[in-house]
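Take a look at the structure below.
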Amino acid sequence: MNAKEISAVNCYLMGLAPSGRRSMRSQLTQVAQLLGKESIDEIEWYKLEYQQLIFIRSKLQETDKSVNTINTTMAAIRGVVRTAFKMELVTAEHLARICQLESVRGTAKKGGIALSLEESRKLVRKAAETEGPKGIRDTALLMLMITTGLRRSEVVALNHDSFDFERLRVSVRGEGGKLRYHDISGVTLKRLKQWAAERGDIEPLSPFFTKVLKKGVSDKRITVNSVYRLVKKQGESIGIKGLRPHDLRRTYISLLLEQGSDLSLVSKAAGHANVMTTTRYDKRHVNAQTEAMRTLTDNLGRGLRL
């Protein structure tokens, strides 16, 4: 296939960051299946008319999808049409009609899981029970994700030279190519060093987290799917079903906020361009909310004589 043969939908997906690409492809695939197709390539998305988008939106609502999921899915379709317009496949009038589709209104559900501090400890302890290189790697990876909030795509992309053990930091190339730094200290640093020792004397651009085979540590980079399976399996091992890598990012943000960190600071640490994005990750536990309300009541009560 040459560049001129790339479809509008694939051109749109290629323009997204890897993590966003996976998500949008998944959303569009579900729509294709609703329309009786096997894959996204069987639909000429840019030819869909306004009334067809209304039909798709209605079908998504019938499947009890969250408000955020439905609006994100419809945004993906509009994104394909915008790409088609740039490719001169549709007229400006058609694009304008499609972009007039209203978003679904309603209270957005806060999806996902955020572990408590003790649950996070249990997750790490369970991984550490596995003997040998695999236990060291898995523990290092989990601790890094919990204490830095890295996305799984960012974790698998780390190379040996991403880590500066002397300056206690890891450099991460995030969405949009932006570079940010995260602290690595304490037990996280200790475990990372142990895994680095298992990797041995490697080149700076060699992958940091690699596969562990029966015959020993591989030079092959771990995949995003491997990270997904690892987190899910370790979650189930401590009684938490459906735990996903992104939940460790939610955990990172929620624990930082729970300990009183400034929202703006947490937003920057997470690599969010907008503070409002960070608030969607805030899943501080009920006990923390209860404690905050009791503190308010106590403070009010100190100046009252009733």
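Nothing in this text is a laboratory measurement; each read-out follows from the coordinates by a stated rule. Here the structure is a predicted model, which is why all the values come from computation and not from measurement. Every residue, glycine among them, receives a Cβ derived from its backbone with ideal geometry; neighbour counts consider all protein chains shown.
With each label modelled as a point 7 angstrom along the Cα→C-beta vector, the Leu205-Arg121 pair spans 4.3 nm.
Were the residues from Phe55 through Arg173 laid out at 0.36 nm apart, the gain over their Cα-Cα distance would be 38.5 nm.
Using r as the Cβ-Cβ distance of Glu236 and Leu89, and R0 as 45 Å, what FRET efficiency do you calculate, to the nearest 0.05?
Values: r = 46 Å, r/R0 = 1.02.
Efficiency, rounded to the nearest 0.05: 0.45.
Pull up the cross-link candidates among the lysines for Lys86, meaning alpha carbon to alpha carbon under 19 Å and not fewer than 8 places away within one chain. Qualifying lysines at Cα under 19 Å: Lys4, Lys47.
Paramagnetic label reach from Glu44 (point 7 Å along Cα→Cβ; backbone nitrogen cut-off under 13 Å): within the stretch 75-90, residues 89-90. In this structure, Phe165 and Arg244 have a Cβ-Cβ separation that, at R0 = 30 Å, corresponds to a calculated FRET efficiency of about 0.55. A protection proxy built from the mean count of other Cβ atoms within 10 Å ranks the segments 48-60, 149-161, most packed first, as 149-161, 48-60.
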